[in-house]
1. Leaving out ligands, DNA and RNA, what percent of the accessible area of segment 66-186 is carbon and sulfur, probe 1.4 Å?
2. Using 7 Å Cα-to-Cβ label points, what is the VAL102/LEU57 separation (nm, one decimal)?
3. Would you kindly state the longest site-free stretch of the chain, with sites defined as GluC sites (Glu not before Pro) in a DSSP loop (not H, G, I, E, B) surrounded by at most 16 other Cβ atoms within 10 Å?
4. Classify segment 68-163 as rounded, prolate or oblate from the Cα gyration tensor: take a ≥ b ≥ c as the square roots of its eigenvalues, call it rounded if a/c is under 1.5, otherwise prolate when a/b beats b/c and oblate if not.
5. Classify segment 36-104: rounded, prolate or oblate, from the alpha-carbon gyration tensor (a ≥ b ≥ c, eigenvalue square roots; a/c under 1.5 rounded; otherwise prolate if a/b is larger than b/c)?
6. What whole-number value in Å² describes the accessible area per residue of segment 7-99 for a 1.4 Å probe?
7. Given (1) 46; (2) 57; (3) 53, which label gives percent of Cα pairs over 21 Å apart as computed from the coordinates?
8. What is the distance, in nm, between label points placed 7 Å from the Cα along the Cα-to-Cβ direction at ILE171 and at MET139?
Amino acid sequence: MSQFSLFGAAAAEPCLDDLDGVLLAGGWWVHVDGVARLSVVVTQRWRAEALAAEFALRGVGAAEGDAIVPAEAGFGVRTGFHAALNPQAARWSRGANAGPPVDFTLTAGGLRLWAITAGSRDDVGYLLGTALPDDSVHMAGGAQLSRLGLAAVSLSGRGGPGWRVTSAKRIRRLGELLGVAPEGGEQVWT
């Protein structure tokens, strides 16, 4: 039996700021004709389906048949093109470069989306993957984990890139923040 967290993803209203978790896991923005779309590649079908559902829950889902597409490394998952995503995309844009906003604060919903996109349990703890080791997005992810009481170890080589949360106490806290596993993801959830 797990305890319900007042600060976890289940207690928070889904919002567009939660999409930051997908960006920590390697997501990217696409801009076309004054609208934006968030895309990411995931390795397993359950992750793709869970993300597509989370995007729809936030009102930015893609049209049927366009949310999940085949990708070389698995499945491409994307929101629809929406003007409502422009402010989110602008927060992560620095001219031609992308990076976390100066005032970046990861929400519990964002942590959940990060875990859906690139989280998994392993022999040592729980790994939250990032696209690159030691870049500004990777470092921001580690700082936000610490802010949430989930101090983690940075991995750049084997098992990474990403952040590994260890200790029973931190993993219990992580589980409280993430909430119930998405359908199909029970084996890799906390």
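1. Details: 3160 of 5680 Å².
Its accessible area is 56 percent carbon and sulfur atoms.
2. Here the answer is 3.2 nm between the modelled labels.
3. Details: sites that count: GLU64, GLU72, GLU183, GLU186.
That gives 73-182 as the longest site-free run.
4. On the way: a/c = 1.70, a/b = 1.26, b/c = 1.35.
Oblate shape, in that a/c is at least 1.5 and b/c is the bigger or equal ratio.
5. Working: a/c = 2.14, a/b = 1.56, b/c = 1.38.
Prolate is the answer for segment 36-104, as a/c is 1.5 or above and a/b outweighs b/c.
6. Working: 4450 Å² over 93 residues.
Dividing the accessible area of segment 7-99 by its residue count gives 48 Å².
7. Among (1) 46; (2) 57; (3) 53, the one derived from this structure is (1).
8. So the two model labels end up 3.0 nm from each other.
The values are calculated or read from the model by the stated rules, or taken from the named source; none is laboratory data. Keep in mind the model is a prediction, meaning the values are calculated, not measured. FYI the Cβ positions are ideal-geometry reconstructions off the backbone, even for glycines, and counts take in every protein chain you see. Only protein heavy atoms, including side chains, enter the accessible area calculation; ligands, DNA and RNA are left aside. Shrake-Rupley method; radii C 1.70, N 1.55, O 1.52, S 1.80 Å.
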